[in-house]
Structure formats: structure tokens, C-alpha cells
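Right, one structure below, let's go through it.
The values are calculated or read from the model by the stated rules, or taken from the named source; none is laboratory data. Note that this is a predicted model, so its numbers are computed, not measured. Here the Cβ positions follow ideal geometry from the backbone for every residue, glycine too, while neighbour counts run over all protein chains shown. We work out accessible area using only protein heavy atoms, side chains counted, and drop any ligands, DNA or RNA first. Shrake-Rupley method; radii C 1.70, N 1.55, O 1.52, S 1.80 Å.
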Amino acid sequence: MTSGGEKTMVLSAHFSPETTGNAPYVGKLTAGLARRGRRVRVLSAHPHYPEWEIRDGYGQWRRRDDGDGVVVERLLHYVPGNPSNLKRLAAELSLGLRFAFARWGRPDVIVLVSPALFSSALAMLKARLLHPRVPVGVWVQDIYSVGAQETGGHEAVAAVIKRIESWLFRSADGVSVIHDRFATVVTEMLGVPRDRVEVIRNWAHVGEPATRDRATMRRSLGWRDEEIVVLHAGNMGVKQGLENVVDAARLADTSPRDVRFVLMGDGNQKDHLVEYAEGTASVEFLESVSNDDFLNVLAAADVLLVNEKVGVAEMSVPSKLTSYFTVGRPVLAATASEGATATELRSSNAGVHVAAGDPAALLGAAIALADDTDRAGELGRNGQDFAARVLDAFAAIDHHARWIGSLKRR
């Protein structure tokens, strides 16, 4: 499928080689659009997430990287080493200013990726002032205003965020969301007309299945055959509420069963969690691994964990779920029962759910799931089937290409 060589400009705070959050999806989508005949240009930051540190070799005021038929222009912005809410706001605003003052040329269509909300809002201002006839679509991965409410933000701050997010989405010619529940929030809470909202699911972006022998991989990681390994992979931020996992590991220290909780990745709460876990024998912190080894590590675990802070329900659908489903291991979700994550787990029938913030329930469910090998195998196979049927990358990128091609200035 071709698109007449239309010039598509994508503005995103995150891009490859970052491996978590939005970055893998933005990288795959833009490469897919280029293969489908579009001329794709990306404005992005230097890779810095989730470490909140610009990676070695990057950090120039402006840098151009070309690959997969995509032109990527990286712009230096403020990256706080210890990202408080105010510092994160400053980081987004600084990137938004870089977006606003960059040369955009003459794109035929513009796609803004949110998050980051505030940099996208500044980019929308420029688009509407200087490119009023160019259609703009917003690709929504997380909903900020819901997140501000669910993570206990100040009411006045949450109200301001809601106004900005509502304005951004209503100013767009189309909004793409990753889940039906997001579509409900965007229309009913943020006031976007339903005919402007498109639901396009994220896909399984991790590529080839695990290739290393599972037993060999476990030994290389220091995981014993007889222990139950419960792995949480990805960002360690506030919304993950990973103190709950450390508390479950403390209970495991006195359990007759041998259980190891592994937190793999990075994030702004990691140092706090390491300190919080001091003296806990049944928890391990594992650095992020290469893309080549990522699926091998997931497949080596017995249970794959999604944990969310008490009160988090609608703000996001964890991107890790698509990877979890791919490797065929059972998923355990310690989340709100009515939330988007639990809904996704029920739709896939790929795992079990316990209440958020209940470490005893988390430990008990992990042991029960690992001990019932028949059920664990069935749930793992269900996840792989769901990924193949619902989370196909080619179909999702085709859908995005059609959506972008359909955007018209209103």
C-alpha cells in the first residue's frame, strides 16, 4: 500500500534506541509508514528514558539520524537527573520549545505523540498558527489528566492538566487511542467528538520469539531450577507502585516456598526501591538487557508481573503486556479490578488478577500459578494466541497508515 509520497512529520519525546514506553512503537510505526510510501520525518529528543540521563554518544544541540527510510532529527532539551513533577514539566516544556522553534518545512500531515502532553501542546500551537491547513493527528498512549487524578495529584493541578489535554485533543483533526476504554475517557471526559476518535491497538513489538534454551538462560541469570521467579520488566515509576512487590518479597523471605521477585529495568523510583528493599533476600534488581536477550529473560521466568499503584485504573495500558503475551508465560496482574490492565487480561485469558496493594495476595497467587503447571501453560498459550490474533504489527501499522491518510483539516 502506498500513500503518494505524502510528507508525514511525527513529533515524539521518545524514539529508538529507547526500548520502553512509546519509543519502540514510534520507531516501528514510522519505519512502517516509510515502507508504505510515505516520506517520514521525526522530531524527537535524545534517548534518555527511563534512566533520565542522555545516553553516551548523544547530547548534541541538534543531531540527524537516518534509518529505515526515516529522517530523525534529535533536539537537545532539559533532562533532569532526579525528575520531580516540576522538573518533568520543565523537561516537557523545554522540548516543546525546541519543537516549536525547529524548522518544520511543509508537511502534508502532522502526528503528535502523547505523552509528552505539554510538548505536544506547544507543537499544536505552532501547527495551528503557522500551518493552519495541515491536518494534525494525536496518537494517545497515556492519558495525563486521569493519571494526575489516579496518582494523587493536587486537584487544581489536575484541573489544569485536564483543560490542556482536552484542548489538545479537541484541536486535533483526529485522535488515535490504544484501547476502547481510552476512547470512552477521551469522548466522555475530555469532550472529543466520537467520530474523531480511532481505536488502534498497540502491537507485539518485540520481534522474534525467545531463542535461548530456558534452563540455560536461568542458569546464566543465577536463577535456580527449584525457585519460582516472578519477573516485572520495564519502567520503575510512581504509577507502578512497586513497593507492593518488595513487600511481597519480604513475605517470601519467611515462606516455605522459594520465591524470587525480580524487578528488571530502570526508572525514577529505582533508587528509592533499592533502598526500600534493603535487607530483603527474595527481591532482585536486574539491569535492562539488550533487545536480543529481552524475550529470553521473559521466557526464563515462571510468572510475568504487572503491578500498579492503588488507585491507578485508566491512565494507561502497560506496553509490557504485548511482550509478555508473546513469550507464552502466564501473567499475574496486581491492579485495580476495573482498570484497563485487568480488562486486557480478561480479554486475553492469559493470566490471573489480584487486588493492587495486597502483597500477601500477590505472593499467594504467584505460588499457586507456578505450582499449577497445566494452568500456567494454558494461560501462556492463550496469551500467544491473543498476540497473534489481536496484536499483529502489520495489521496495526496498516490501520495507522489508513488513519493518517484519512486525516482532513476540519
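Some points to look at:
- With respect to the conditions (1) of a type in the set (S, T, N, Q); (2) assigned to a loop (DSSP other than H, G, I, E, B); (3) in contact with a helix residue (DSSP H, G or I) (Cβ under 9 Å, 6 or more places away or on another chain), Gln60 lacks only one, and its number is (3).
- Taken across segment 41-50, residues that are open to solvent by 10 Å² or more (accessible area, probe 1.4 Å), under 29 Å from Ala233 (Cβ atoms) and in contact (Cβ under 8 Å) with a residue 24 or more places away in the chain do occur, with at least one present.
- Some residue of segment 23-37 being within 25 Å of Gly267 (Cα to Cα), over 18 Å from the mean Cα position of the chain (by Cα) and not hydroxyl-bearing (Ser, Thr, Tyr): no
Every residue, every condition in (1) under 29 Å from Pro47 (Cβ atoms); (2) in contact with a strand residue (DSSP E or B) (Cβ under 7 Å, 6 or more places away or on another chain); (3) open to solvent by 10 Å² or more (accessible area, probe 1.4 Å); (4) without any contact (Cβ under 8 Å) to a residue 40 or more places away in the chain, yes or no:
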position: Arg212; (1), (2), (3), (4): yes, no, yes, no
position: Ser220; (1), (2), (3), (4): yes, no, yes, yes
position: Ala252; (1), (2), (3), (4): no, yes, no, no
position: Val262; (1), (2), (3), (4): yes, yes, no, yes
position: Asn268; (1), (2), (3), (4): yes, no, yes, no
position: His272; (1), (2), (3), (4): yes, no, yes, yes
position: Thr280; (1), (2), (3), (4): no, no, yes, yes
position: Asn291; (1), (2), (3), (4): yes, no, yes, no
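- Of all residues in segment 304-315, none satisfies being modelled with pLDDT of 95 or more and either among the aromatic types (Phe, Trp, Tyr) or open to solvent by 20 Å² or more (accessible area, probe 1.4 Å) (or both).
Quick grid of which residues meet (1) in contact with an Asp or Glu (Cβ under 9 Å, 6 or more places away or on another chain); (2) over 30 Å from Val109 (Cα atoms); (3) basic (Lys, Arg):
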{"position": "Ala356", "(1), (2), (3)": "yes, yes, no"}
{"position": "Asp371", "(1), (2), (3)": "no, yes, no"}
{"position": "Val390", "(1), (2), (3)": "no, no, no"}
{"position": "Ile397", "(1), (2), (3)": "no, no, no"}
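- Qualifying residue in segment 278-298 (condition: assigned to a strand (DSSP E or B) and aliphatic (A, V, I, L, M)): yes
- Any chance Glu275 is closer than 27 Å to Pro80 by Cβ and modelled with pLDDT of 95 or more: yes
- Within segment 311-334, tally of residues that are over 22 Å from Pro115 (Cα atoms) and not small (Gly, Ala, Ser): 8
- Selection status of Thr30, open to solvent by less than 20 Å² (accessible area, probe 1.4 Å), within 26 Å of Phe169 (Cα to Cα), touching a residue at least 60 places away in the same chain (Cβ under 8 Å) and polar (S, T, N, Q): no
- Matching residues, segment 32-52, being assigned to a loop (DSSP other than H, G, I, E, B) and not acidic (Asp, Glu): Arg36, Gly37, Arg38, His46, Pro47, His48, Tyr49, Pro50, Trp52
- Taking the criterion of being of a type in the set (S, T, N, Q) and not in a loop (DSSP other than H, G, I, E, B), the only residue of segment 63-85 that qualifies is Asn85.
- Checking Leu168 against (1) modelled with pLDDT of 95 or more; (2) farther than 29 Å from Ser348 by Cβ; (3) over 21 Å from the mean Cα position of the chain (by Cα), the condition it does not meet: (3)
- Asn82 meets each of the listed conditions (1) at pLDDT 95 or above; (2) open to solvent by 60 Å² or more (accessible area, probe 1.4 Å); (3) over 25 Å from Pro107 (Cβ atoms) apart from (1).
- Boolean, Thr216 is of a type in the set (Ser, Thr, Tyr) and modelled with pLDDT of 95 or more: no
- Checking each residue in segment 234-250 for being closer than 20 Å to Trp52 by Cβ and either at pLDDT below 95 or open to solvent by 10 Å² or more (accessible area, probe 1.4 Å) (or both) picks out Gly234, Asn235, Met236, Gly237, Val238, Lys239, Gln240, Gly241, Glu243.
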